[in-house]
1. Do you know which residues across the stretch 641-653 are open to solvent by 50 Å² or more (accessible area, probe 1.4 Å) and in a loop (DSSP other than H, G, I, E, B)?
2. Regarding residue 664, is this residue among the small types (Gly, Ala, Ser) and surrounded by fewer than 16 Cβ atoms within 10 Å (Cβ to Cβ)?
3. Within the stretch 672-689, how many residues are in contact (Cβ under 8 Å) with a residue 24 or more places away in the chain and open to solvent by 20 Å² or more (accessible area, probe 1.4 Å)?
4. So which pairs qualify, if the first residue must be in the stretch 690-714 and farther than 18 Å from residue 624 by Cα and free of Cβ contacts under 8 Å to residues at least 24 places away in the same chain, the second must be surrounded by 13 or more Cβ atoms within 10 Å (Cβ to Cβ) and aliphatic (A, V, I, L, M), the Cβ gap must be under 6 Å, and the two must be at least 6 apart or on different chains?
5. Kindly list the number of the only condition in (1) on the phi < 0 side of the Ramachandran plot; (2) open to solvent by less than 40 Å² (accessible area, probe 1.4 Å); (3) modelled with pLDDT under 95 that fails for residue 432.
6. Using the structure shown, decide if residue 182 is out of contact with any Lys or Arg (no Cβ under 6 Å at 6 or more places or on another chain), at pLDDT below 90, among the aliphatic types (A, V, I, L, M) and open to solvent by 50 Å² or more (accessible area, probe 1.4 Å).
7. Could you give me the residue pairs with C-beta distances under 6 Å whose first residue belongs to the stretch 447-476 and is within 30 Å of residue 356 (Cβ to Cβ), whose second residue is open to solvent by 50 Å² or more (accessible area, probe 1.4 Å) and modelled with pLDDT of 90 or more wherever it lies, and which are 6+ apart or on separate chains?
8. Filter the strands (runs of 3 or more DSSP E) completely within the stretch 128-236 down to those with at least 1 residues that are in contact (Cβ under 8 Å) with a residue 24 or more places away in the chain, over 27 Å from residue 70 (Cα atoms) and within 36 Å of the chain's Cα centre (by Cα).
Amino acid sequence: MKKVNYLVIVGAVFSILLFTGCNSFGKKSNKKISKEFSKSFVKIHYYLKFSDGKEPDIAGYRCGNCNKFHGDDASKKIASKIPIEVPGFLVGSNKVISADLEIDNKFISKIIVLSGKELQFAKISGYALDKSAIELTLNTGFKLAKPLIFNGNADSIAFNTSYSIDDGLWRVKTSHTSQDNVTYMPDFDANYAVAIPNSIILDDNYNPITITMRKENLANSEWLQSPKNWNFIDVNNFNKKLEKINKNAKTICKVSLKFRKKEKKSKYDRYSYRDDKVITELDTHGVIYEENKILVLASLDNETTARLEKITVEIKGYDNYFTGKFKKSLKKIGAFIIEIPEKVKKEYITKFSKENIKSYRDEPVFTVDVKLSQKKIEYIALNSWIPFYKQSIDNCSIPNIRRKTNDTFLFNKIGELIAMPVNIRKVKERKSYWRADKKYKLLPSSYLLPLFTKKVSDNIDTANVPLSEKAENQMAWLGVELQPLTAQLAKANGASKLSDNGGYGGLVTFVYEDSDASKYEIAPGDIILNIYPNATKEKIKIELKENRMAFPWDKLDKIPEQYYTRLPIPWTPVENTFNKILKSIGWGNKFRLELFRQGEVISKEFIVKKAPLHFQISDKYESKPLGITVKDITFEVKRYYKRQDSNLGVLITKIDLGSKASIGGIKPYELITHIDGNQINSIEDFKLNIKDKKEIEVTVVKLAVSRIVKIKLN
């Protein structure tokens, strides 16, 4: 019995020692192997420069320590005159393999490779596009460094040894891995081997099998190939490949847009509208998709498109310019279709990839930055890959490449366009008007193509079209005047919860007779909260921002004439935020109005209709002898001045500096009701009564007070 106990104790102790010893040995081996492989790792210093006044755009590399991308801060490095540091692997006496930073060689000033205290200059000599790797050739080999020798017969993997920088210090780290360390991805119906990026893959005996630059690799036999068997192409053939991609990209042309100038409004207007910079010219990209049809990638809101007057198309390779004709705007994306009068050659028609964008995850792709300037169209192709994806509109997957701008288009290796930079249109709740998301997204061709070809009839924005100046200023109208809701008004009407404590909503203060609002029994005291366009599920909150400055009638006589153009209009304009929202929905389109009345939320459906003739679109007449501009009295002006049809007058809208009218003391927004005793009810009456006269007596009305002004005419 005692003997048995002794044997058990001895066996247990031996097991513990054996187990502890094995683990101790493993840890020591890891440290030892990390130190040994440090002789095969090198540091690569990329010294960058500006080229043609431009700074480099660089993707960087994925760090084996933190798994994030480093080395993409090129401009800072150039300014500080310090290099971008990248890990590398010595695979021959003068050969190094490293991660591809995806940078144009013209931005590289020099490449220096360091091993310990030794230093060598190097040049890029090859590209392994499907591995995201490059090959560097050194001027001469290192004396003390040890090139990696790869085991081409390994049937299993056991360790990762990585080289990375952390807190300014380089580290070699060896860790366990496994052949079974795979992730199944249903989107690709494939297994992916998970590894540390920028590391050596080792077998059970710590022999190198391969190198990986990526976090995940397609788990097939190819990913464990020795770098000696990788498909490298030399720099000359690489440049030829880029030239071919650039040639395919010439189907992307330059489209120049010219817009009518927008009439300036006083910054003191009672209602404040959008303060975006008003553009008069814009150069953008066009994608030729049929012989004479071009998709113009310009995200214009309704107001900007309304002012579009001229479209000019420049296609590289054609000596002449083409005049484009606007056809239709697209609803979901920031783009519109134009036609040109001449059919282009077949080689200028874009070839689109119809494949799912996810199918390109493990294939090399190419970015082409299409730079537009006044003098030329420049195409800059570079190789790339898609590390991961993001979800976007309609659950569409979009490629998230490291190096991209608003000029970046994505092509596959046979030159088909697989993604392009497009804005997504949507309604911003807190803005109360239609516009596009400011961020460009690389939307795949497989998603976009049906939107402007097969399904284009379902994707037309009828409200987003060029208009004449008069039609541009034509407003939609429901027939109400609104006062912006405040916290006090919301509380007084019991609408605080529904309106974010008065953060949005409009209180109805007046309803015009014979309007749709009157017909559907909207009444003063109702609070309009939201609009729901039938064409979309989006909700538009009614946010009215009113400048509190009232018209200075009591100080009008004291205002110097040079400040007349800064005067606000006295009445509530038809061109206000609420009516602009209605206009953006589109003439004839349905919308649902949500309003609050006496503790109850009510919904009413309407159709967008044009407002009656209003101040903004009414005719005007300028009398140069008088130095005055007048307009007919429209319905909203008539209401404000309380005029009758039999005694309307005309409205003074502008007084020229130093003119006879100004000297005579006539002011903007006064009314002229009589000339030489004759009733004036229109600008035609006005023109008739000043024609061929040397002197006139003008009856001027300011609110309810009238006076007579005598003016001599030349």
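The values are calculated or read from the model by the stated rules, or taken from the named source; none is laboratory data. Here the structure is a predicted model, which is why all the values come from computation and not from measurement. Positions of Cβ are generated from backbone atoms using ideal geometry, with glycine treated the same way; all protein chains shown enter the neighbour counts. For accessibility, only protein heavy atoms count, side chains too; no ligands or nucleic acids. Shrake-Rupley method; radii C 1.70, N 1.55, O 1.52, S 1.80 Å.
1. Those that are open to solvent by 50 Å² or more (accessible area, probe 1.4 Å) and in a loop (DSSP other than H, G, I, E, B): 642, 645, 646.
2. Criteria not met by residue 664.
3. The number of residues fulfilling the criteria is 6.
4. 707/700
5. For residue 432, the exception is condition (1).
6. So residue 182 passes the test.
7. That search, which allows pairs on different chains as well, returns 460/328.
8. Output list reads 190-194.
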